[in-house]
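Below is one structure, written out as structure tokens; comments come after it.
The values are calculated or read from the model by the stated rules, or taken from the named source; none is laboratory data. Everything numeric in this text was worked out from a predicted model, so none of it was measured. Virtual Cβ from ideal backbone geometry, glycine too; neighbours counted across all protein chains shown. Side chains are part of the model used for accessible areas, which takes the heavy atoms of the whole protein and leaves out ligands, DNA and RNA. Shrake-Rupley method; radii C 1.70, N 1.55, O 1.52, S 1.80 Å.
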Amino acid sequence: MTGWGKSWYGQAIMEANAPEYDLFVVADYKDEYRGLCKAGLAQHMIVGPREANLSVDDWKQVLADNPKLVLARYGIDEDTWRDTISRVTKAVRDMCRSGSGSGFLAYDEAHFLAPQRGGAPDPLMGVATTGRGEGVSSLWLSQRPATLSETVMAQCGERLVGGFMSDRDLSKIAPITEYPEQVHKPGADSVPRLPDALTVDGASTPLRRFEDGGVTVGSEWVFADDSGDLERRDTRQITMESTHYGPEGRGIADP
């Protein structure tokens with residue numbers, strides 16, 4: 001949900017992985033991740049109408065010259081952004097298959113790139129389903145699982161799920177969890193008995209967001225993977241070196 005700290009946590013994951021991959025690309029929908037560039041982990045590149053016309057071969061050359069990039073959307077609509085990131089994705093996959101090393105692709109606001117309705121370009125679906133076999137890992141960030149491709153959700157080997165108020169979003173989370181999805185609804189009156197790994201001091205409580213002066217300073221998430229590992233995480237225990245520039249947004253006064 002909005003304000004839960006998704007992009008902050010996402011940037012912490014990106015920061016941890018950027019040095020480990022030969023090719024590293026962030027599809028930055030709202031230009032939130034330029035802190036990675038200020039920290040020297042990647043180059044910042046505006047993707048506007050001119051860059052949206054680059055071919056797959058053009059992007060291969062861009063990546064050969066700058067193998068670690070944060071691509072910031074500027075002045076192009078969602079359809080154009082999706083088509084552009086699809087070509088970037090194909091370039092990364094082709095380069096990894098041809099021996100250029102390992103690749104990491106991070107997709108912010110992933111529901112615009114791989115929507116449940118209307119489908120997604122083949123390169124994006126391919127990286128979700130067969131990317132690991134090509135040496136390409138991918139991180140998909142979305143605050144609207146109800147509109148994100150079920151194929152993407154089903155193929156994620158590891159999941160970090162925060163809080164959601166929408167019943168539609170919760171209904172999409174339910175099939176991929178083996179615990180009561182109500183834990184993801186902050187402020188819920190009650191949560192059925194949770195696995196011990198998800199309780200707080202033995203109590204079954206929903207996930208919590210922590211604020212200071214109206215600003216989110218941390219939040220709880222459920223980590224789960226295909227091996228059966230399950231963990232309740234508090235982002236207040238996580239640190240990163242790069243600065244996150246995502247806007248907090250302003251509250252609306254209630255008279």
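Mind counting the residues in the stretch 171-186 that are open to solvent by 60 Å² or more (accessible area, probe 1.4 Å), of a type outside the set (D, E, K, R) and modelled with pLDDT of 85 or more?
2
Can you tell me which of ALA154, ALA174 is of a type in the set (A, V, I, L, M), free of Cβ contacts under 8 Å to residues at least 12 places away in the same chain, under 19 Å from TRP140 (Cβ atoms) and out of contact with any Phe, Trp or Tyr (no Cβ under 9 Å at 6 or more places or on another chain)?
Unique residue meeting the criteria: ALA174.
Please state which one of LEU36, LEU41 is within 19 Å of the chain's Cα centre (by Cα), part of a helix (DSSP H, G or I) and closer than 23 Å to GLY135 by Cβ.
LEU36
Only one of these conditions is not met by VAL152: (1) surrounded by 20 or more Cβ atoms within 10 Å (Cβ to Cβ); (2) of a type in the set (A, V, I, L, M, F, W, C); (3) modelled with pLDDT of 95 or more. Which number is it?
Going through (1) surrounded by 20 or more Cβ atoms within 10 Å (Cβ to Cβ); (2) of a type in the set (A, V, I, L, M, F, W, C); (3) modelled with pLDDT of 95 or more one by one, VAL152 breaks only (3).
Report every pair of residues separated by at least 6 positions or lying on different chains whose Cβ atoms are under 8 Å apart, first residue within the stretch 36-64 and under 19 Å from ALA18 (Cβ atoms) and open to solvent by 70 Å² or more (accessible area, probe 1.4 Å), second modelled with pLDDT of 95 or more and not hydrophobic (A, V, I, L, M, F, W, C).
LYS38/SER242; GLN43/ASN66; GLN43/LYS68; HIS44/ARG34
Please enumerate the residues belonging to the stretch 11-48 that are of a type in the set (Val, Ile, Thr) and out of contact with any Ser or Thr (no Cβ under 9 Å at 6 or more places or on another chain).
ILE13, VAL26, ILE46
Could you pull out the residue among VAL70, VAL88 that is β-branched (Val, Ile, Thr), within 18 Å of the chain's Cα centre (by Cα) and within 21 Å of GLY40 (Cα to Cα)?
VAL70 is the lone residue from the list that is β-branched (Val, Ile, Thr), within 18 Å of the chain's Cα centre (by Cα) and within 21 Å of GLY40 (Cα to Cα).
Are any residues in the stretch 199-216 of a type outside the set (Lys, Arg) and either closer than 14 Å to THR2 by Cα or surrounded by 14 or more Cβ atoms within 10 Å (Cβ to Cβ) (or both), and if so, which ones?
THR199, VAL200, SER204, THR205, PRO206, LEU207, PHE210, GLU211, GLY214, VAL215, THR216
What are the pairs, 6+ residues apart or on separate chains, where a residue within the stretch 129-141 that is open to solvent by 40 Å² or more (accessible area, probe 1.4 Å) has its Cβ under 8 Å from a residue that is part of a strand (DSSP E or B) and small (Gly, Ala, Ser)?
SER138/ALA106
Filter the stretch 65-81 down to the residues that are touching a residue at least 12 places away in the same chain (Cβ under 8 Å) and not in a helix (DSSP H, G or I) and list them by number.
Passing the criteria: ASN66, PRO67, LYS68, LEU69, VAL70, LEU71, ALA72, ARG73, TYR74, GLY75, ILE76.
Look at GLU158 and say whether it is of a type in the set (Asp, Glu), under 26 Å from LYS30 (Cα atoms) and surrounded by 18 or more Cβ atoms within 10 Å (Cβ to Cβ).
no
Quick grid of which residues meet (1) in a loop (DSSP other than H, G, I, E, B); (2) acidic (Asp, Glu); (3) farther than 26 Å from GLY35 by Cβ:
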{"residue": "ASP83", "(1), (2), (3)": "no, yes, yes"}
{"residue": "VAL92", "(1), (2), (3)": "no, no, no"}
{"residue": "ALA106", "(1), (2), (3)": "no, no, no"}
{"residue": "MET125", "(1), (2), (3)": "no, no, yes"}
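If you take the residues in the stretch 88-107 that are surrounded by 19 or more Cβ atoms within 10 Å (Cβ to Cβ) and in contact with a Phe, Trp or Tyr (Cβ under 7 Å, 6 or more places away or on another chain), which one is farthest from MET14 (Cα to Cα)?
ALA91
Test of understanding: among VAL183, VAL222, which residue is in contact (Cβ under 8 Å) with a residue 60 or more places away in the chain, among the β-branched types (Val, Ile, Thr) and touching a Leu at 6+ places or on another chain (Cβ under 8 Å)?
VAL222
Answer yes or no as to whether VAL26 is assigned to a strand (DSSP E or B) and either open to solvent by 40 Å² or more (accessible area, probe 1.4 Å) or within 19 Å of ALA128 (Cβ to Cβ) (or both).
Yes: the conditions hold for VAL26.
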